[in-house]
Amino acid sequence: MSDRGPHMHIGFAGIGRMGAHMVRRLIDDGHTVTAYDLYLNADSLPDGLDAVSVATSPADLARTDISFSMLPDAAATDDVLFGENGIVPAASAGHLHVVMGTVGPTAVREFAERAAESGVAVVDAPVSGSVSLAETGQISTMVGSDDDQFARLQPVLAAMTKAQFHTGTVGTASVAKLAVNSVLASLNQGVAEALLLAEADGLDASTLYEVLGSSAVAAPYVGYKKEHFLDPAGAGVAFPLSLLHKDVGLGLELARSHELDLPQASTVGRVLDEALDAGLGAKDMAAVLEYLGSRSAQDGPVE
(Lines give C-alpha, C1' and ligand atoms only; values in the text may rest on other atoms or scores of the structure.)
Protein backbone atom coordinates (compact mmCIF):
# COMPACT_ATOMS: atom_id res chain seq x y z
CA MET A 1 0.00 0.00 0.00
CA SER A 2 1.30 3.48 -0.86
CA ASP A 3 0.84 6.91 0.68
CA ARG A 4 0.46 8.61 -2.68
CA GLY A 5 -2.88 10.19 -1.91
CA PRO A 6 -6.20 9.84 -0.09
CA HIS A 7 -7.88 6.50 -0.41
CA MET A 8 -11.07 6.71 -2.42
CA HIS A 9 -14.12 4.83 -3.54
CA ILE A 10 -13.39 4.16 -7.22
CA GLY A 11 -15.84 3.08 -9.90
CA PHE A 12 -14.36 1.04 -12.75
CA ALA A 13 -16.09 -0.12 -15.95
CA GLY A 14 -14.33 -2.76 -18.03
CA ILE A 15 -12.63 -5.69 -16.29
CA GLY A 16 -10.77 -7.13 -19.26
CA ARG A 17 -7.12 -8.02 -19.79
CA MET A 18 -5.88 -4.58 -18.78
CA GLY A 19 -8.71 -3.50 -16.50
CA ALA A 20 -8.44 -6.46 -14.14
CA HIS A 21 -4.78 -5.73 -13.40
CA MET A 22 -5.47 -2.03 -12.94
CA VAL A 23 -8.30 -2.70 -10.49
CA ARG A 24 -6.11 -5.13 -8.58
CA ARG A 25 -3.49 -2.44 -8.14
CA LEU A 26 -6.11 0.05 -6.94
CA ILE A 27 -7.19 -2.43 -4.28
CA ASP A 28 -3.59 -3.08 -3.26
CA ASP A 29 -3.19 0.69 -2.87
CA GLY A 30 -6.04 0.73 -0.36
CA HIS A 31 -8.85 2.05 -2.53
CA THR A 32 -12.38 0.64 -2.45
CA VAL A 33 -13.54 -0.44 -5.91
CA THR A 34 -16.98 -0.97 -7.38
CA ALA A 35 -16.71 -2.54 -10.82
CA TYR A 36 -19.03 -3.03 -13.76
CA ASP A 37 -18.65 -5.27 -16.78
CA LEU A 38 -21.25 -6.94 -18.99
CA TYR A 39 -19.68 -10.30 -18.23
CA LEU A 40 -18.95 -9.74 -14.55
CA ASN A 41 -20.73 -11.06 -11.49
CA ALA A 42 -19.73 -12.02 -7.97
CA ASP A 43 -19.00 -15.58 -9.10
CA SER A 44 -16.80 -14.60 -12.05
CA LEU A 45 -14.35 -12.17 -10.47
CA PRO A 46 -10.76 -12.59 -11.69
CA ASP A 47 -8.17 -13.78 -9.19
CA GLY A 48 -7.23 -11.18 -6.63
CA LEU A 49 -10.43 -9.15 -7.00
CA ASP A 50 -12.45 -10.72 -4.18
CA ALA A 51 -12.70 -7.33 -2.46
CA VAL A 52 -14.42 -5.74 -5.46
CA SER A 53 -18.10 -4.86 -5.22
CA VAL A 54 -19.90 -5.83 -8.42
CA ALA A 55 -22.21 -3.16 -9.84
CA THR A 56 -25.50 -4.19 -11.41
CA SER A 57 -25.38 -1.29 -13.87
CA PRO A 58 -23.05 1.58 -14.81
CA ALA A 59 -25.27 3.91 -12.77
CA ASP A 60 -23.83 2.36 -9.60
CA LEU A 61 -20.45 3.83 -10.53
CA ALA A 62 -21.90 7.35 -10.41
CA ARG A 63 -22.01 7.09 -6.63
CA THR A 64 -18.24 6.73 -6.30
CA ASP A 65 -15.64 9.47 -5.80
CA ILE A 66 -14.20 9.05 -9.31
CA SER A 67 -15.17 6.62 -12.06
CA PHE A 68 -13.00 5.11 -14.77
CA SER A 69 -13.73 3.17 -17.94
CA MET A 70 -11.33 0.84 -19.74
CA LEU A 71 -13.43 -0.22 -22.70
CA PRO A 72 -12.46 -1.28 -26.23
CA ASP A 73 -14.12 1.45 -28.27
CA ALA A 74 -16.23 4.61 -28.35
CA ALA A 75 -19.54 2.77 -28.74
CA ALA A 76 -19.07 0.75 -25.55
CA THR A 77 -17.89 3.85 -23.67
CA ASP A 78 -20.87 5.87 -24.93
CA ASP A 79 -23.25 3.20 -23.65
CA VAL A 80 -21.66 3.11 -20.19
CA LEU A 81 -21.67 6.89 -19.93
CA PHE A 82 -24.97 7.87 -21.54
CA GLY A 83 -27.02 4.72 -22.12
CA GLU A 84 -29.89 3.37 -20.07
CA ASN A 85 -28.67 3.30 -16.45
CA GLY A 86 -25.51 5.10 -17.56
CA ILE A 87 -23.08 6.97 -15.34
CA VAL A 88 -23.85 10.53 -16.48
CA PRO A 89 -27.65 10.48 -15.97
CA ALA A 90 -27.17 9.03 -12.49
CA ALA A 91 -24.26 11.23 -11.37
CA SER A 92 -24.39 14.34 -9.23
CA ALA A 93 -22.87 17.56 -10.54
CA GLY A 94 -19.12 17.54 -10.04
CA HIS A 95 -18.60 13.83 -10.69
CA LEU A 96 -15.39 13.07 -12.61
CA HIS A 97 -15.16 10.26 -15.15
CA VAL A 98 -11.89 9.15 -16.74
CA VAL A 99 -11.91 7.48 -20.17
CA MET A 100 -8.88 5.17 -20.24
CA GLY A 101 -9.80 3.17 -23.34
CA THR A 102 -8.56 4.30 -26.74
CA VAL A 103 -11.61 5.95 -28.29
CA GLY A 104 -9.97 8.83 -30.17
CA PRO A 105 -9.97 12.57 -29.47
CA THR A 106 -13.15 13.34 -31.40
CA ALA A 107 -15.23 10.91 -29.35
CA VAL A 108 -13.79 11.86 -25.97
CA ARG A 109 -14.29 15.59 -26.61
CA GLU A 110 -17.88 14.89 -27.60
CA PHE A 111 -18.35 12.86 -24.41
CA ALA A 112 -16.96 15.78 -22.38
CA GLU A 113 -19.32 18.28 -24.03
CA ARG A 114 -22.38 16.09 -23.53
CA ALA A 115 -21.51 15.26 -19.92
CA ALA A 116 -20.88 18.93 -19.08
CA GLU A 117 -24.55 19.63 -19.75
CA SER A 118 -25.27 17.53 -16.66
CA GLY A 119 -22.43 19.02 -14.62
CA VAL A 120 -20.26 15.90 -15.04
CA ALA A 121 -16.61 16.20 -16.09
CA VAL A 122 -15.10 13.71 -18.56
CA VAL A 123 -11.34 13.57 -19.17
CA ASP A 124 -9.13 11.07 -21.00
CA ALA A 125 -6.21 9.02 -19.72
CA PRO A 126 -5.36 6.24 -22.19
CA VAL A 127 -2.45 3.97 -21.31
CA SER A 128 0.61 2.69 -23.13
CA GLY A 129 2.08 -0.73 -22.40
CA SER A 130 1.35 -4.44 -22.46
CA VAL A 131 -0.88 -6.59 -20.25
CA SER A 132 2.20 -7.95 -18.45
CA LEU A 133 3.35 -4.40 -17.72
CA ALA A 134 -0.12 -3.51 -16.42
CA GLU A 135 0.17 -6.39 -13.96
CA THR A 136 3.30 -4.86 -12.45
CA GLY A 137 2.17 -1.24 -12.75
CA GLN A 138 4.80 -0.43 -15.38
CA ILE A 139 2.45 1.03 -17.98
CA SER A 140 2.28 4.78 -18.50
CA THR A 141 -0.69 7.06 -18.99
CA MET A 142 -1.32 10.32 -20.81
CA VAL A 143 -3.89 12.64 -19.24
CA GLY A 144 -6.05 15.21 -21.02
CA SER A 145 -7.59 17.43 -18.34
CA ASP A 146 -7.29 20.78 -16.63
CA ASP A 147 -4.63 21.32 -13.98
CA ASP A 148 -6.95 20.79 -11.00
CA GLN A 149 -8.32 17.56 -12.42
CA PHE A 150 -4.83 16.26 -13.08
CA ALA A 151 -3.77 17.05 -9.51
CA ARG A 152 -6.80 15.12 -8.25
CA LEU A 153 -6.22 12.15 -10.53
CA GLN A 154 -2.46 11.80 -10.44
CA PRO A 155 -2.22 9.95 -7.09
CA VAL A 156 -4.90 7.46 -8.17
CA LEU A 157 -3.31 6.93 -11.57
CA ALA A 158 0.06 6.43 -9.85
CA ALA A 159 -1.35 3.29 -8.22
CA MET A 160 -1.90 1.81 -11.68
CA THR A 161 0.91 3.31 -13.76
CA LYS A 162 4.59 4.15 -13.48
CA ALA A 163 4.34 7.53 -15.23
CA GLN A 164 1.58 10.07 -15.73
CA PHE A 165 1.97 12.70 -18.47
CA HIS A 166 -0.31 15.74 -18.44
CA THR A 167 -0.67 16.41 -22.17
CA GLY A 168 -3.08 19.36 -21.98
CA THR A 169 -6.85 19.71 -22.25
CA VAL A 170 -9.31 16.85 -22.76
CA GLY A 171 -8.63 14.96 -25.99
CA THR A 172 -4.92 15.69 -26.15
CA ALA A 173 -4.13 12.45 -24.33
CA SER A 174 -6.04 10.51 -26.97
CA VAL A 175 -4.04 12.26 -29.70
CA ALA A 176 -0.82 11.24 -27.92
CA LYS A 177 -2.04 7.65 -27.63
CA LEU A 178 -2.86 7.43 -31.33
CA ALA A 179 0.56 8.86 -32.19
CA VAL A 180 2.29 6.32 -29.93
CA ASN A 181 0.31 3.43 -31.39
CA SER A 182 1.08 4.57 -34.93
CA VAL A 183 4.78 4.12 -34.15
CA LEU A 184 4.07 0.86 -32.33
CA ALA A 185 2.14 -0.58 -35.27
CA SER A 186 4.91 0.40 -37.66
CA LEU A 187 7.51 -1.22 -35.40
CA ASN A 188 5.35 -4.33 -35.13
CA GLN A 189 5.23 -4.63 -38.92
CA GLY A 190 8.91 -3.78 -39.22
CA VAL A 191 9.89 -6.65 -36.91
CA ALA A 192 7.62 -9.03 -38.82
CA GLU A 193 9.15 -8.02 -42.14
CA ALA A 194 12.69 -8.36 -40.76
CA LEU A 195 11.96 -11.89 -39.56
CA LEU A 196 10.47 -12.86 -42.92
CA LEU A 197 13.47 -11.49 -44.76
CA ALA A 198 15.93 -13.30 -42.52
CA GLU A 199 14.20 -16.67 -42.68
CA ALA A 200 13.76 -16.44 -46.45
CA ASP A 201 17.53 -16.44 -46.81
CA GLY A 202 18.21 -19.08 -44.18
CA LEU A 203 18.90 -16.99 -41.07
CA ASP A 204 17.32 -18.44 -37.93
CA ALA A 205 14.57 -16.18 -36.54
CA SER A 206 15.73 -16.49 -32.93
CA THR A 207 19.26 -15.56 -33.96
CA LEU A 208 18.02 -12.45 -35.74
CA TYR A 209 15.93 -11.57 -32.71
CA GLU A 210 19.05 -11.57 -30.55
CA VAL A 211 20.63 -9.16 -33.02
CA LEU A 212 17.55 -6.91 -33.01
CA GLY A 213 17.54 -6.85 -29.22
CA SER A 214 21.08 -5.48 -29.14
CA SER A 215 20.79 -3.12 -32.07
CA ALA A 216 19.72 0.48 -32.58
CA VAL A 217 16.09 -0.67 -32.99
CA ALA A 218 15.99 -2.35 -29.55
CA ALA A 219 12.92 -0.52 -28.26
CA PRO A 220 11.24 -2.04 -25.18
CA TYR A 221 8.52 -3.37 -27.47
CA VAL A 222 11.03 -5.53 -29.34
CA GLY A 223 12.05 -7.16 -26.07
CA TYR A 224 8.69 -7.90 -24.54
CA LYS A 225 7.16 -9.14 -27.82
CA LYS A 226 9.92 -11.69 -28.46
CA GLU A 227 7.83 -14.73 -27.55
CA HIS A 228 4.83 -13.47 -29.47
CA PHE A 229 6.90 -13.40 -32.65
CA LEU A 230 8.93 -16.57 -32.05
CA ASP A 231 6.36 -18.74 -30.23
CA PRO A 232 2.91 -17.20 -30.84
CA ALA A 233 0.97 -20.27 -29.70
CA GLY A 234 2.81 -20.38 -26.39
CA ALA A 235 2.80 -16.63 -25.78
CA GLY A 236 -0.96 -16.16 -26.06
CA VAL A 237 -2.64 -12.83 -26.72
CA ALA A 238 -1.42 -9.64 -25.06
CA PHE A 239 -2.99 -7.13 -27.45
CA PRO A 240 -5.41 -8.38 -30.12
CA LEU A 241 -4.72 -7.43 -33.71
CA SER A 242 -8.31 -6.17 -33.93
CA LEU A 243 -7.62 -3.49 -31.33
CA LEU A 244 -4.45 -2.37 -33.08
CA HIS A 245 -6.46 -2.17 -36.29
CA LYS A 246 -9.00 0.05 -34.49
CA ASP A 247 -6.29 2.34 -33.07
CA VAL A 248 -4.46 2.74 -36.38
CA GLY A 249 -7.79 3.44 -38.07
CA LEU A 250 -8.54 6.19 -35.55
CA GLY A 251 -5.11 7.69 -36.18
CA LEU A 252 -5.66 7.68 -39.95
CA GLU A 253 -9.09 9.24 -39.46
CA LEU A 254 -7.48 12.03 -37.42
CA ALA A 255 -4.82 12.49 -40.12
CA ARG A 256 -7.47 12.82 -42.81
CA SER A 257 -9.32 15.44 -40.76
CA HIS A 258 -6.14 17.54 -40.89
CA GLU A 259 -5.46 16.69 -44.56
CA LEU A 260 -2.23 14.90 -43.66
CA ASP A 261 -0.60 12.28 -45.87
CA LEU A 262 1.01 9.59 -43.68
CA PRO A 263 2.43 6.96 -46.07
CA GLN A 264 3.82 4.65 -43.38
CA ALA A 265 0.64 4.63 -41.30
CA SER A 266 -1.44 4.14 -44.45
CA THR A 267 0.59 1.09 -45.48
CA VAL A 268 0.41 -0.41 -41.99
CA GLY A 269 -3.31 0.29 -41.89
CA ARG A 270 -3.88 -1.50 -45.20
CA VAL A 271 -1.94 -4.56 -44.01
CA LEU A 272 -4.00 -4.61 -40.79
CA ASP A 273 -7.19 -4.36 -42.88
CA GLU A 274 -6.12 -7.42 -44.83
CA ALA A 275 -5.00 -9.36 -41.74
CA LEU A 276 -8.37 -8.67 -40.13
CA ASP A 277 -10.17 -9.84 -43.27
CA ALA A 278 -8.02 -13.00 -43.14
CA GLY A 279 -9.52 -13.84 -39.74
CA LEU A 280 -6.57 -12.93 -37.53
CA GLY A 281 -8.30 -10.24 -35.45
CA ALA A 282 -8.47 -12.31 -32.25
CA LYS A 283 -4.79 -13.20 -32.40
CA ASP A 284 -2.02 -11.08 -30.91
CA MET A 285 -0.88 -8.10 -32.98
CA ALA A 286 2.32 -10.01 -33.77
CA ALA A 287 0.15 -12.16 -36.06
CA VAL A 288 1.00 -9.60 -38.74
CA LEU A 289 4.00 -11.92 -39.23
CA GLU A 290 1.66 -14.84 -39.89
CA TYR A 291 -0.38 -12.80 -42.35
CA LEU A 292 2.58 -11.43 -44.28
CA GLY A 293 4.14 -14.90 -44.44
CA SER A 294 0.98 -16.51 -45.79
CA ARG A 295 0.37 -13.65 -48.22
CA SER A 296 3.91 -13.85 -49.58
CA ALA A 297 3.65 -17.63 -49.99
CA GLN A 298 0.38 -17.38 -51.92
CA ASP A 299 0.66 -14.22 -53.97
CA GLY A 300 4.20 -12.93 -53.78
CA PRO A 301 5.17 -9.62 -52.13
CA VAL A 302 2.56 -7.14 -50.92
CA GLU A 303 2.91 -4.01 -53.00
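The values are calculated or read from the model by the stated rules, or taken from the named source; none is laboratory data. Model, not experiment: these values are computed from the prediction. Cβ placement follows ideal geometry from the backbone for every residue including glycine, while neighbour counts extend to all protein chains displayed.
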Exercise for the section: For residues that are among the polar types (S, T, N, Q), surrounded by fewer than 18 Cβ atoms within 10 Å (Cβ to Cβ) and either touching an Asp or Glu at 6+ places or on another chain (Cβ under 7 Å) or under 16 Å from Leu157 (Cα atoms) (or both), tally how many sit in region 1-60. Expected result: 2
Exercise for the section: Could you check, for region 174-183, whether at least one of its residues is surrounded by fewer than 17 Cβ atoms within 10 Å (Cβ to Cβ) and either modelled with pLDDT under 95 or more than 18 Å from the chain's Cα centre (by Cα) (or both)? Expected result: no
Completion exercise
Per the list (1) of a type outside the set (Asp, Glu); (2) more than 25 Å from Glu253 (Cα to Cα); (3) part of a loop (DSSP other than H, G, I, E, B), residue check on Ala62 breaks on (3)
Problem - Within region 10-37, considering residues that are out of contact with any Phe, Trp or Tyr (no Cβ under 6 Å at 6 or more places or on another chain) and among the small types (Gly, Ala, Ser), the one modelled with the highest pLDDT - result: Gly11
Fill in the blank from the handout: Counting only residues in region 192-213 that are free of Cβ contacts under 8 Å to residues at least 60 places away in the same chain and touching a Leu at 6+ places or on another chain (Cβ under 7 Å), the one farthest from Ala265 (Cα to Cα) is identified as Ser206
Exercise for the section: Among the candidates Val120, Val103, single out the residue that is buried (at least 21 other Cβ atoms within 10 Å of the Cβ), touching a helix residue (DSSP H, G or I) at 6+ places or on another chain (Cβ under 7 Å), aliphatic (A, V, I, L, M) and closer than 26 Å to His7 by Cβ. Expected result: Val120
Practice task
Only residues that are closer than 16 Å to Ala35 by Cα and within 18 Å of the chain's Cα centre (by Cα): list them for region 82-114, please.
Solution key: His97, Val98, Val99, Met100, Gly101
Problem - For Leu61: the one exception among (1) out of contact with any Leu (no Cβ under 8 Å at 6 or more places or on another chain); (2) under 24 Å from Ser130 (Cα atoms) - result: (2)
Exercise for the section: Report yes if some residue within region 62-72 is within 22 Å of Pro126 (Cα to Cα), among the small types (Gly, Ala, Ser), buried (at least 16 other Cβ atoms within 10 Å of the Cβ) and touching a Ser or Thr at 6+ places or on another chain (Cβ under 7 Å); otherwise report no. Expected result: yes
Exercise for the section: Please identify the pairs in which a residue from region 21-47 that is on the phi > 0 side of the Ramachandran plot has its Cβ atom under 8 Å from the Cβ atom of a residue that is surrounded by fewer than 22 Cβ atoms within 10 Å (Cβ to Cβ) and modelled with pLDDT under 95, counting only partners at least 6 apart or on another chain. Expected result: Gly30/Met1; Gly30/Ser2; Gly30/His7
Fill in the blank from the handout: Quick count over region 217-231, residues being at pLDDT 95 or above and out of contact with any helix residue (DSSP H, G or I) (no Cβ under 7 Å at 6 or more places or on another chain), is 1
Exercise for the section: Kindly indicate whether any position in region 266-273 is exposed (fewer than 15 other Cβ atoms within 10 Å of the Cβ), without any contact (Cβ under 8 Å) to a residue 40 or more places away in the chain, of a type in the set (Asp, Glu) and in a helix (DSSP H, G or I). Expected result: yes
Problem - Selection count where residues are under 14 Å from the mean Cα position of the chain (by Cα) and among the small types (Gly, Ala, Ser), scope region 138-156 - result: 1
Fill in the blank from the handout: Residues of region 5-29 being under 18 Å from the mean Cα position of the chain (by Cα) and part of a helix (DSSP H, G or I), in sequence order, are Arg17, Met18, Gly19, Ala20, His21, Met22, Val23, Arg24, Arg25, Leu26
Practice task
Inspect region 38-55 for any residue being farther than 30 Å from Val248 by Cβ and modelled with pLDDT of 95 or more and give the result as yes or no.
Solution key: no
